[in-house]
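Only one structure is covered here, and it is reproduced in the block below.
The values are calculated or read from the model by the stated rules, or taken from the named source; none is laboratory data. What you see is a predicted model; the values in this text were computed from it and never measured. For neighbour counting, all protein chains shown are included, and Cβ atoms are generated from backbone atoms with ideal geometry for every residue, glycine included.
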């Protein structure tokens with residue numbers, strides 16, 4: 001009996017003890033994981049809680065977007081560990097917790113030895129969703145090796161780049177381009193031409209900001225693309241050399257060099273490129289009235305480009321104390337562009353060739369840009385309490401000479417016209433900014449000021465050959481000097497907090513925009529006033545004061561699933577060339593004229609997003625709506641004037657339409673079925689409607705379109721990577737023009753050599769030579785059927801050698817230069 005009672009008693013006691021433990025009230029263990037150097041939060045760090053008495057009992061979690069973790073457990077003694085890729089692990093053993101506790105900030109230090117050995121086979125997920133942006137890490141896209149920034153942007157979901165390099169976001173081309181959070185000479189002050197001169201391998205990541213927070217400039221109704229450039233954080237001397245050669249002939253050499261100690265970081269980037277980019281187009285214009293001497297004109301254009309450029313960036317970051325640093329940098333860019341356009345022009349009446357002309361346009365452009373940037377950062381503690389100030393001065397000088405020669409070839413060989421166009425455009429930009437961040441537990445308060453002051457001077461002179469005297473004479477009607485000022489002063493504040501699973505970011509920005517234009521008084525103002533209209537003020541001074549609220553919410557359905565909601569109000573300010581009232585021409589029969597009566601456009605936008613991560617699959621999706629008032633539309637109309645040989649002159653002019661409504665949906669998938677195979681696809685569908693009229697003509701339209709991209713990457717034996725990227729743009733329409741669908745395919749192959757210190761890549765851009773814009777324009781008086789190709793198929797062979805750098809560093813873990821929060825504008829290796 002005793003042998004039976006004792007085991008029963010022990011069993012009963014153990015049951016009561018287990019029940020007592022189960023009845024114990026759970027406790028909560030919270031804290032925050034940060035980078036020991038920068039104090040920035042580390043997202044997705046792993047927090048492990050192991051029962052010291054029962055090591056098999058393990059619980060834990062991962063940190064959220066702010067680096068915070070929260071784990072429920074029963075009172076007891078635990079071993080704690082915190083792990084993060086490329087950082088030294090943190091551990092504490094035998095910690096007894098009988099009540100809820102906040103462990104405060106846990107600092108992790110980068111593991112330099114581990115960094116040198118890390119090789120990510122499966123690759124880090126290339127999309128991160130935050131309160132106001134999506135972050136795409138594109139460093140391993142081998143199809144852009146040897147390419148430029150525009151090539152890299154063309155592979156980002158939601159983004160499309162047309163055949164001329166124009167960038168749009170969700171089908172809307174009013175997108176703001178920033179470099180490390182700021183307008184920059186590297187981005188060409190809003191022009192996308194400069195992006196075609198910067199190497200793609202300089203990019204760390206691209207932030208797609210469709211619902212910008214109040215910290216950002218309100219410019220850009222489509223949103224913001226922030227290009228974050230690489231910044232080396234490893235101690236010692238390191239760098240890389242990247243060379244590319246291709247066909248059609250192009251060559252590029254870029255070197256990055258860094259010296260970093262505990263006290264300072266010196267960085268330097270030097271690049272040279274030579275590019276020959278052939279292109280061309282066909283234009284079939286039919287005239288429906290008797291105003292022109294011809295009823296049909298065929299144009300066959302052949303374009304050749306021969307461009308050279310050099311860019312230099314040098315700077316130093318000096319660490320005054322452990323919490324404060326001063327950074328100064330200087331950027332210089334020079335380019336010499338030589339573009340030749342040859343136009344074979346055939347003119348018909350009733351199907352009979354009446355005459356044929358040949359026109360050559362030889363354009364030589366010399367461009368010099370430089371930029372000084374200064375940044376001071378003071379981190380009051382490791383919790384994110386900091387003050388940053390920035391000053392940036394940028395200057396750009398473009399000197400262009402265009403020589404135009406046009407002659408008859410049928411029925412005679414008479415000279416029709418000889419013109420010289422001289423254009424000098426200078427632009428000064430000053431940026432002053434101060435930002436203050438104050439963490440308050442789980443909450444965070446921010447406030448700041450930004451002032452941008454831009455002056456643009458356009459000096460345009462047209463000289464025409466007088467065939468009677470054999471001398472060039474200045475065209476008084478078109479020669480002009482136009483000065484344009486855009487000054488923006490802004491104050492902002494925003495507050496973010498997390499309430500359980502709900503993260504909230506509320507912001508308000510107050511901006512005052514001043515637009516001033518001035519026409520040189522020595523020009524014939526009366527003649528110009530007749531062209532633009534008597535009610536248009538050529539010397540204008542406009543001020544716009546506006547409030548721009550933002551609301552961004554994320555609700556975590558689980559650690560791997562969330563939904564987001566964003567609202568923001570944005571502004572689209574007209575650029576200088578959109579306002580310059582003087583006509584400039586790409587040919588004798590087509591002119592572009594700015595509209596000084598153009599007002600800024602304003603937009604209200606809503607965005608509802610959903611993200612879900614599985615072990616091998618990541619899904620991102622969103623539905624969006626935007627309503628824009630005073631939206632811009634570029635229209636074409638007859639001027640009522642004829643050339644000397646009887647051809648109707650057509651004018652393009654930007655106008656303010658009444659409204660533009662846009663509704664769309666997008667989805668993206670990243671899927672890795674195996675470690676050696678990675679798939680990436682996205683699709684974006686949108687519909688928009690606009691209404692408005694100009695000069696008695698209705699320009700409203702309804703349209704829907706879509707675009708999609710798909711990428712597949714294989715890791716083959718012998719460490720060979722193979723990648724294919726495809727892009728499809730659906731047909732689309734605006735008030736006057738129908739554009740056909742377009743498809744393109746890029747292929748690439750790469751292999752690591754020299755003990756993984758070097759990589760050789762071969763890529764083909766636009767394999768089928770199909771990246772062409774085909775469109776049809778119809779007006780009551782003429783139609784135009786066109787096909788245009790900016791750049792033909794390109795084949796590049798690239799070689800990159802790295803010294804004291806691993807091939808794959810976990811750069812995404814470095815939060816000090818996140819770039820999305822208006823970090824200093826630096827071009828760093």
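So that you can scan it fast, the table gives a plain yes or no per residue for (1) under 30 Å from residue 379 (Cβ atoms); (2) outside any loop (DSSP other than H, G, I, E, B); (3) at pLDDT below 85:
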site: 763; (1), (2), (3): no, yes, no
site: 769; (1), (2), (3): no, no, no
site: 777; (1), (2), (3): no, yes, no
site: 808; (1), (2), (3): yes, no, yes
site: 812; (1), (2), (3): yes, yes, yes
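Out of all the residues in the stretch 444-474, which are surrounded by 15 or more Cβ atoms within 10 Å (Cβ to Cβ) and more than 35 Å from the chain's Cα centre (by Cα)?
462, 463, 464, 465
Assigned by TED's automatic domain parsing to the domain that holds residue 655, under 24 Å from residue 623 (Cα atoms) and modelled with pLDDT under 90: which single residue out of 726, 711 fits that description?
711
If I filter the stretch 338-351 for residues that are in contact with a strand residue (DSSP E or B) (Cβ under 9 Å, 6 or more places away or on another chain), free of Cβ contacts under 8 Å to residues at least 60 places away in the same chain and closer than 25 Å to residue 385 by Cβ, do I get at least one hit?
no
Out of 709, 678, 651, I need the residue that is under 25 Å from residue 781 (Cβ atoms), assigned to a strand (DSSP E or B) and either in contact (Cβ under 8 Å) with a residue 24 or more places away in the chain or more than 26 Å from the chain's Cα centre (by Cα) (or both). Which one?
651
For the stretch 738-761, name all the residues that are under 30 Å from residue 170 (Cα atoms) and not in a loop (DSSP other than H, G, I, E, B).
If the condition is that a residue be under 30 Å from residue 170 (Cα atoms) and not in a loop (DSSP other than H, G, I, E, B), then 738, 739, 742, 743, 744, 745, 746, 747, 748, 749 are the ones that fit.
Does the stretch 42-70 hold any residues that are closer than 30 Å to residue 377 by Cα, in a strand (DSSP E or B) and modelled with pLDDT under 75, and which are they?
Within the stretch 42-70, 62 is the sole residue that qualifies.
Quick one: in the stretch 725-737, of everything that is outside any loop (DSSP other than H, G, I, E, B), touching a residue at least 40 places away in the same chain (Cβ under 8 Å) and out of contact with any helix residue (DSSP H, G or I) (no Cβ under 6 Å at 6 or more places or on another chain), which residue is nearest to residue 283 (Cα to Cα)?
Within the stretch 725-737, the match that is nearest to residue 283 (Cα to Cα) is 737.
Filter the stretch 199-220 for residues that are at pLDDT 80 or above and not in a strand (DSSP E or B) and give the result.
Passing the criteria: 210, 211, 212, 213, 214, 215, 216, 217, 218, 220.
So, residue 333, is that one under 24 Å from the mean Cα position of the chain (by Cα) and assigned to a strand (DSSP E or B) or not?
Spelling it out, residue 333 is indeed under 24 Å from the mean Cα position of the chain (by Cα) and assigned to a strand (DSSP E or B).
If you check 660, 630, which single one turns out to be free of Cβ contacts under 8 Å to residues at least 60 places away in the same chain, crowded, with 18+ Cβ neighbours inside 10 Å and closer than 22 Å to residue 779 by Cβ?
Within the list 660, 630, the selection yields 660.
Being at pLDDT 80 or above, in contact with a helix residue (DSSP H, G or I) (Cβ under 9 Å, 6 or more places away or on another chain) and farther than 23 Å from residue 685 by Cα, is that true of even one residue in the stretch 654-663?
yes
Taking the stated definitions as given, is residue 670 assigned to a strand (DSSP E or B) and within 30 Å of residue 636 (Cβ to Cβ)?
In short, no.
Which residue out of 437, 481, 410, 504 is surrounded by 16 or more Cβ atoms within 10 Å (Cβ to Cβ) and at pLDDT below 90?
481
Quick one: how many residues across the stretch 738-784 are without any contact (Cβ under 8 Å) to a residue 24 or more places away in the chain and closer than 26 Å to residue 298 by Cβ?
1
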